[in-house]
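Worksheet for the structure shown next.
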Amino acid sequence: MTMRKPFIAANWKMNKTLSETEEFLSQFVPEVKNEHDRDIVIAPPFTSLPLAAEKLRNTNIALASQDVFYEEKGAYTGEISPLMLADIGCKYVIIGHSERRQFFSETDEIVNKKVKTAKKAGLGVIFCIGETLDERETGKTLEILEREIEKGLDGHIDPMEMVIAYEPIWAIGTGKTATPGQAQEVHAYIRKKLEVLYGNKADELCILYGGSVTPDNIDSLMACNDIDGALVGGASLKVDSFASIVKFRR
Ligand code: PEP
């Protein structure tokens, strides 16, 4: 078994108003207050970040943003800078989520710029990679992941304070989870690839699995050697289901 601390993160995507955020956190915070041997992270929408920062202060839950822009300030209407996120108490930012890549045309180059500015601002990066169904079926999975890692992390990015989230796109929001065996195989490959970039430090890096994680499959996923945590979408929107994912047992 590894020495890596488990890391369970919620990605709420474009869900929850302020009052829904308030209600969720009021119930969730006491529910997981004794889970100290794992990192717990919640990424609400931008509008809920200040309220969530307030509610999570002095708890064992860290705050994350779902995205960030790659400049520190300036004439970029509608964008949010890493300095603003750090300022309100965000500890992490999700970068390169497949929905950003797919619906907002984020390229590996944009992802790389975001990673660099987020790190500069002191934010931990949750760096997402993953293949489509077509890429998997045509045997391109490893090639795609290799490209996303090499380009997205280009520039000798210090891997400490970073986690990688492997999210096969065909498993996101579809109810189709990669089997623990499928996920483990890819996670082990990712760690090997990271060894080329980071040497021994790759062994300390958390690699999360994402894609239809539920209370029913979390234990078997977490039982795999190279699966160190989960990035959870749909099942993170309800207190009960996210709390039971957080409380997984190996
Ligand atoms: C995600 O998009 O990060 C995700 C894993 O979503 P879901 O859990 O809903 O598949």
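The fraction of accessible area contributed by carbon and sulfur in the chain is 52 percent, rounded to a whole number (1.4 Å probe; ligands and nucleic acids excluded). Taking THR17, THR59 and ordering them by how much accessible surface each has at a 1.4 Å probe, largest first, produces THR17, THR59.
In the stretch 7-246, a dipole from Cβ-located charges (positive for Lys and Arg, negative for Asp and Glu) runs towards its positive end, and of ALA62, SER244, ILE8 it is ALA62 whose Cα lies farthest in that direction. Rolling a 1.4 Å probe across the protein heavy atoms gives the stretch 87-163 an accessible surface of 48 Å² per residue.
Near the amide H of ALA230, within less than 5 Å, lie the amide hydrogens of PHE7, ILE8, ALA9, TYR209, all on another chain or at least 5 residues away, with H placed in the peptide plane. Each residue was assigned an accessible area with a 1.4 Å probe, and for GLU71 the value is about 70 Å². The Cβ shell under 10 Å around THR107 holds other residues with a net charge of 0, Lys and Arg each +1, Asp and Glu each -1.
Placing +1 on the Cβ of every Lys and Arg and -1 on the Cβ of every Asp and Glu, with nothing else charged, gives the chain a dipole about its Cα centre of roughly 380 debye.
In the chain, a dipole from Cβ-located charges (positive for Lys and Arg, negative for Asp and Glu) runs towards its positive end, and of VAL163, ALA52, PHE127 it is ALA52 whose Cα lies farthest in that direction.
Loop-located trypsin sites (Lys or Arg not before Pro) across the stretch 35-86 with a Cβ neighbour count of 15 or fewer within 10 Å are ARG57, LYS73, with loop assigned by DSSP.
Listed by chain and number, the lysines placed with their C-alpha closer than 18 angstrom to that of LYS16 are LYS55, LYS238; residues fewer than eight positions away on the same chain are left out. When the residues MET162, MET84 are ordered by accessible surface, computed with a 1.4 Å probe over the protein chains alone, the sequence from largest down reads MET84, MET162. Global size of the chain: 16.9, 49 Å for Rg and Dmax (C-alpha atoms, Rg to one decimal, Dmax whole).
Rounded to the nearest 20, the size of the Cβ-charge dipole of the stretch 122-216 about its Cα centre is 80 debye, with Lys and Arg at +1 and Asp and Glu at -1. Summed over qualifying helices (DSSP H, 4 residues or more, each -39500 (n - 2.57)) and divided by its residue number, the chain shows a 222 nm mean residue ellipticity of -11500 deg cm²/dmol. Accessible area per residue for the stretch 1-83 is 52 Å², calculated with a 1.4 Å probe on protein heavy atoms, without ligands, DNA or RNA. Could you grab the relative contact order for the stretch 1-160? Cα pairs under 8 Å, six or more apart, rounded to a whole percent. Computed over the stretch 1-160, the figure is 17 percent. For ILE80, the shell of other residues with beta-carbons less than 12 Å away shows a net charge of -3, using +1 for Lys and Arg and -1 for Asp and Glu.
The values are calculated or read from the model by the stated rules, or taken from the named source; none is laboratory data. Since we're looking at a predicted model, the values are computed, not measured. We place every Cβ from the backbone using ideal geometry, glycine too, and count neighbours over all the protein chains shown. Ligands, DNA and RNA are stripped out before the accessible areas are found, and what is left, the full protein with its side chains, is counted by its heavy atoms. Shrake-Rupley method; radii C 1.70, N 1.55, O 1.52, S 1.80 Å.
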